[in-house]
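I have placed the structure first, in the form of structure tokens, so that the comments after it can refer back to it.
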Ligand SMILES: Cc1cc2nc3c(=O)[nH]c(=O)nc-3n(C[C@H](O)[C@H](O)[C@H](O)COP(=O)(O)OP(=O)(O)OC[C@H]3O[C@@H](n4cnc5c(N)ncnc54)[C@H](O)[C@@H]3O)c2cc1C
């Protein structure tokens with residue numbers, strides 16, 4: 001973890017200021033530096049990585065508290081992993097998964113629980129239908145779909161109610177929604193869900209382990225490539241520097257930072273690489289256009305808490321289980337085996353998402369710990385109640401994330417203000433996974449959004465005055 005604050009750099013004018021040192025901001029900065037531009041990256045936290053954070057527990061075991069998996073088709077992330085000397089290994093899948101339904105445990109193999117034949121067939125049919133519908137919606141300009149208005153009026157919950165026949169399939173699709181978006185189906189527009197699914201290939205690829213977004217993990221932790229990028233950028237990355245104001249005009253921008261060293265930075269262009277709602281904390285002068293302001297207010301972050309329970313060994317494997325759990329009720333709706341590649345310890349990772357995450361807020365740290373361990377024990381047996389270590393990471397209480405894993409859009413947002421997502425405002429450009437054209441919501445999307453924003457800025461910097469992308 002990068003915690004040491006280096007001596008403040010000379011805040012002389014630079015070509016570009018990048019706000020945010022998540023994967024989007026770091027990649028953008030690196031592309032600009034490679035193109036010969038002077039850059040400063042201002043990061044609010046005392047570390048880089050944003051929603052990706054590999055924390056070493058007191059025992060020395062590293063766990064990924066935020067983003068962690070990489071899957072097929074995520075070429076930007078895969079090349080960065082390679083380039084930074086990191087390596088990957090497959091998520092553990094050998095054995096049977098558990099389904100907790102109506103309070104009863106069932107074992108199954110494959111993508112979909114099979115304890116009820118009709119429910120299983122209905123779930124497969126629903127996923128297929130979602131995949132087919134998603135192919136019709138552009139992940140780049142979903143508002144251009146001929147039926148965009150209707151799809152954007154409908155919530156995912158309304159579609160589920162109208163389309164999915166069995167209660168079992170409805171519950172499974174709801175669990176998938178909570179896991180993927182950190183949101184309830186009634187909070188999301190159908191147009192948004194379809195465009196998001198298409199951006200990652202299909203809904204099936206988003207929820208798959210083997211062959212999907214959860215296929216592989218990084219030996220060194222998912223933050224390692226970000227730390228390597230920050231190392232390449234050196235003193236250009238200024239930590240503990242929350243940006244509070246951006247004054248922007250035709251000739252450039254002045255960016256004000258609060259914190260222990262309040263000061264101002266000047267640049268020709270600014271790239272803001274943070275989730276839209278989080279940028280609402282920044283004062284812009286002149287004020288942003290109405291559609292951008294609306295976008296900022298109407299793209300709330302999902303609610304998610306990630307927990308890790310560390311055991312002496314992955315004891316569930318001895319019972320023929322692969323550590324995966326899908327549940328139709330309770331706080332923990334999805335669990336995976338998160339043990340290190342050498343299985344030196346056993347680790348279960350679980351997600352509390354959507355309304356359950358909000359409900360758990362009132363329990364406090366100890367209350368949540370005992371509740372969640374109780375749920376793990378009901379699925380994996382009494383040994384699961386006694387981990388060597390237990391940690392939770394509540395993303396909703398992270399000031400500079402506001403939640404996770406991603407921002408979601410309710411009805412009417414994409415068609416009304418979607419085009420403002422990537423459109424620059426004068427010298428201010430936007431990056432971040434929420435602006436990605438592929439794998440939006442994922443680390444891969446964050447990286448490609450950073451590259452796209454850097455290209456935009458480079459084109460604007462060489463354009464003759466008055467045509468520079470403003
Ligand atoms: C629990 C969880 C699990 C996830 N699982 C996966 C996964 O397995 N695989 C995957 O690919 N993705 C996963 N994701 C999503 C992934 O982490 C994100 O898509 C990605 O990290 C987003 O990167 P970003 O650079 O766009 O934004 P962020 O990582 O949010 O970076 C934005 C940066 O801006 C900084 N910032 C904000 N405001 C200011 C300000 N005013 N001044 C200065 N700096 C500011 C923030 O501190 C942050 O560092 C997960 C996310 C979570 C939370």
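Residues that are closer than 20 Å to residue 259 by Cβ and in a loop (DSSP other than H, G, I, E, B) within region 41-59 comprise 43, 44, 45, 46, 47, 48, 49, 50, 53, listed in sequence order. For region 395-405, the criterion of a residue being outside the structural domain of residue 417 (by TED's automatic domain parsing), touching a strand residue (DSSP E or B) at 6+ places or on another chain (Cβ under 7 Å) and not in a loop (DSSP other than H, G, I, E, B) is satisfied by at least one position. Checking 101, 37, 47 one by one, the residue that is surrounded by fewer than 23 Cβ atoms within 10 Å (Cβ to Cβ) and within 14 Å of the ligand (Cβ to nearest atom) is 47 and no other.
Each row is one residue, and each column tells you yes or no for (1) touching a residue at least 24 places away in the same chain (Cβ under 8 Å); (2) touching a strand residue (DSSP E or B) at 6+ places or on another chain (Cβ under 7 Å); (3) in the same structural domain as residue 442 (by TED's automatic domain parsing); (4) over 30 Å from residue 417 (Cβ atoms).
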{"site": "96", "(1), (2), (3), (4)": "yes, yes, no, yes"}
{"site": "133", "(1), (2), (3), (4)": "yes, no, no, no"}
{"site": "147", "(1), (2), (3), (4)": "no, no, no, no"}
{"site": "160", "(1), (2), (3), (4)": "yes, no, no, no"}
{"site": "184", "(1), (2), (3), (4)": "yes, no, no, no"}
{"site": "191", "(1), (2), (3), (4)": "yes, no, no, no"}
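The condition (being under 22 Å from the mean Cα position of the chain (by Cα) and assigned to a strand (DSSP E or B)) is satisfied by just one residue among 244, 193, 272, 255: 272. Filtered by the rule that a residue be closer than 16 Å to residue 266 by Cα and more than 6 Å from the ligand (Cβ to nearest atom), region 19-31 gives a lone residue, 29. Taking the listed residues 362, 367, 290, the one that is surrounded by fewer than 13 Cβ atoms within 10 Å (Cβ to Cβ), over 22 Å from the mean Cα position of the chain (by Cα), within 28 Å of residue 433 (Cα to Cα) and free of Cβ contacts under 8 Å to residues at least 40 places away in the same chain is 290, with no other qualifying.
Under 13 Å from the mean Cα position of the chain (by Cα), within 16 Å of the ligand (Cβ to nearest atom) and not in a helix (DSSP H, G or I): is that true of residue 445 in this structure? For residue 445, the condition - under 13 Å from the mean Cα position of the chain (by Cα), within 16 Å of the ligand (Cβ to nearest atom) and not in a helix (DSSP H, G or I) - is not met.
The values are calculated or read from the model by the stated rules, or taken from the named source; none is laboratory data. Please read these numbers as outputs of a predicted model, since none were measured by experiment. Here the Cβ is made from the backbone with ideal geometry for all residues, glycine too, and neighbour counts use every protein chain on show.
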